[in-house]
Every structure is written in C-alpha cells, then in structure tokens.
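Have a look at the structure below before the remarks.
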Amino acid sequence: MMRSSADQLGGIALSVVRIVVSFMFVLHGAATLFGVLGGAFGQQGAAAPIGQWPSWWAGLIQFVAGGLVLLGLFTRPAALLCSGAMAYAYFSVHQPRGLFPIQNGGVPAALYSWIFLLIAVLGAGPFALDALRHQLRQPPERVEAHTRER
C-alpha cells in the first residue's frame with residue numbers, strides 16, 4: 001500500500017519532534033545527574049545526590065528514558081514513563097503553587113508530559129531504531145515489497 005506524501009511528511013515531522021524534545025529532556029537529566037549545563041536546581045556544578053527522592057530519580061528517568069525516546073528504541077513505554085514523570089512533577093511540585101501552568105512555573109513539565117504522551121500513542125515515526133527493528137523482523141519478501149512501495 002502506498003503512503004501519501006502527507007502521511008510521509010507527518011511521519012517525518014513526528015520523528016523530528018521526538019528527536020528535538022527528547023534531546024532537550026536528556027539535557028535536563030544530564031544537568032540533574034552530573035551537574036553539567038547549569039547543574040541541578042539551577043546551581044552551577046551541582047548534581048542531585050544519588051538516590052535523593054524525587055530529583056535524582058527524575059534525572060535518571062530524564063536521562064535514560066529520554067535517551068531511549070531520542071534513539072527511538074522502545075519508544076512507546078519509554079515515552080509513557082517520561083510523560084508520567086512529568087505529570088507527577090507537575091501535580092506534586094507546580095500545581096500546588098497556582099491553578100494554571102503560567103502561574104505556577106509548570107509550563108515545561110506540562111508540555112513535556114503532553115508531548116511524551118503523544119509520542120507514546122503515535123510511536124516513534126520512521127526515523128527510529130524501533131522502525132529498523134520492525135523492518136528486520138519482517139520476512140524477506142515483505143521487506144522487498146515494503147521498499148518498493150516507497
């Protein structure tokens with residue numbers, strides 16, 4: 001079955017959004033875990049103490065699960081974990097400070113949560129290791145037919 005150019009562009013856009021958003025997410029994790037890029041808690045060189053709840057664990061999720069989403073590997077479960085972590089951050093840290101994200105400083109957490117939920121539902125897109133794994137699992141005759149359709 002031939003895919004329309006709109007479908008192909010949608011898949012490309014999904015992959016690009018996944019890569020850009022997860023890259024920024026991984027940077028947050030690196031800052032929290034390793035004290036780089038401005039450090040944890042906005043303190044240059046500061047890293048969250050190992051095992052400290054919830055900051056170190058959030059940094060670990062951001063770095064590891066965000067890295068999996070970046071690579072497009074096990075994307076749906078990793079994106080769901082990222083989404084849940086950011087929803088937890090929003091409701092436990094930001095929401096008590098005010099009703100709306102613009103009032104409580106929770107805009108980044110809310111956006112990350114919703115974007116990762118979207119990725120969990122839609123998948124990684126065509127530029128992902130998951131797509132490559134899927135192609136490699138297909139029988140040879142299906143792979144040949146799949147490449148001719150493009």
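Please treat every number below as a calculation from the coordinates, not as lab data. The model shown is predicted, which means the values in this text are computed figures rather than measured ones.
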(message) Please list, in order along region 102-112, the HN-Hα scalar couplings obtained from phi with the Karplus expression 6.51 cos²θ - 1.76 cosθ + 1.60 (θ = phi - 60°), rounded to whole Hz, x for Gly and Pro.
(response) 5, 7, 9, x, x, 4, x, 5, 5, 5, 4
(request) Please give the helix 140-149 orientation as an angle from the longest Cα principal axis of the chain, in degrees from 0 to 90, rounded to the nearest 10. (result) 90
(message) To check my understanding: the extent here is largest minus smallest coordinate of the Cα atoms along each principal axis. What are those three numbers for region 1-50, in Å, largest first?
(response) 52, 17, 11
(message) Going by Cα centres, region 1-49 and region 80-131 are how many Å apart?
(response) 12
(request) Kindly express, to the nearest 10 degrees and within the range 0 to 90, the angle between helix 5-34's C-alpha long axis and the longest C-alpha principal axis of the chain. (result) 30
(message) For percent of Cα pairs over 28 Å apart, one of [x] 8; [y] 18; [z] 29 was computed from the structure I shared and the rest are decoys. Which label?
(response) [z]
